[in-house]
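Peer 1: Next up is a structure, given as structure tokens.
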Amino acid sequence: MTEDEAAAEFHAFFERHHAELSRLAYLLTGEADAADDLAADAMVALWHRWDRARRADSAAAYARGIVANLARSRIRSTVRERRRVLLFWSHRPERTDGPDLAAVMDVRAALDRLPFRKRACVVLRYACDLSEKDTAAALGISVGTVKSQTSKGTAELLRLLGTRAAGELVGRGSR
């Protein structure tokens, strides 16, 4: 395959999948501003490995895996940054000790409370409508782990949101 043919093939892939990858990044991180950046970064990484990606069973699954890894790195970085900020503010003498109560807990807040792997499995299975096999391929884990983490993640969402709201989130049943 010539370089021009590879570029055309990649461009077509980009047009078909960029919005999906951006949506995935948003659902995994909860950061709308970062979602397009993560999707773009994933596409750059994919372009550098395009020969390998196009030979894979699914270039889209390969790209989803890149997005998941970039999202995981971003979340870890954000957590470290928040810890540093918290440490800074905890040394201030004029602290308030009042509770910080949220008026409404929405799905985004509930997803944010799930550990990354559970969140990724739930998002890929239900929001992106991927099969267990495709979810496993995207995350680099076994199908059994996908089943387990999706089940546990859904149970945690049920606890956090209540039965009715979580049922609406996952479409009232497993796929």
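The values are calculated or read from the model by the stated rules, or taken from the named source; none is laboratory data. Quick caveat: nothing in here was measured; it's all calculated off a predicted structure. Every residue, glycine among them, receives a Cβ derived from its backbone with ideal geometry; neighbour counts consider all protein chains shown. Note: accessible area is taken over every heavy atom of the protein model, side chains too, but ligands, DNA and RNA are not part of it. Shrake-Rupley method; radii C 1.70, N 1.55, O 1.52, S 1.80 Å.
Peer 1: What number of residues in the range 25-34 are free of Cβ contacts under 8 Å to residues at least 60 places away in the same chain and under 13 Å from Asn69 (Cα atoms)?
Peer 2: 2
Peer 1: Further question: Looking at the range 45-86 only, could you name the residues that are outside any helix (DSSP H, G or I) and of a type in the set (A, V, I, L, M, F, W, C)?
Peer 2: Listed by number, the list holds a single entry, Ala56.
Peer 1: Only residues in the range 107-134 that are in contact (Cβ under 8 Å) with a residue 12 or more places away in the chain count as the first member; pair them with residues that are in a loop (DSSP other than H, G, I, E, B) and open to solvent by less than 10 Å² (accessible area, probe 1.4 Å), Cβ under 8 angstrom, at least 6 apart or cross-chain, and list the lot.
Peer 2: Partner pairs satisfying both residue conditions: Val122/Leu114.
Peer 1: While we're here: If Leu130 satisfies all but one of (1) part of a helix (DSSP H, G or I); (2) surrounded by 14 or more Cβ atoms within 10 Å (Cβ to Cβ); (3) modelled with pLDDT of 90 or more, what's the number of the condition it fails?
Peer 2: Every condition holds for Leu130 apart from (1).
Peer 1: Follow-up question, since we're still on this one. May I ask you to list the residues in the range 139-164 that are among the aliphatic types (A, V, I, L, M) and either farther than 30 Å from Ala59 by Cβ or assigned to a helix (DSSP H, G or I) (or both)?
Peer 2: Leu139, Val143, Val146, Ala155, Leu157, Leu158, Leu160, Leu161
Peer 1: Mind listing just one residue for me: the one in the range 29-44 that is assigned to a helix (DSSP H, G or I) and not small (Gly, Ala, Ser) and, of those, most open to solvent (accessible area, probe 1.4 Å)?
Peer 2: For the range 29-44, the residue satisfying everything is Asp33.
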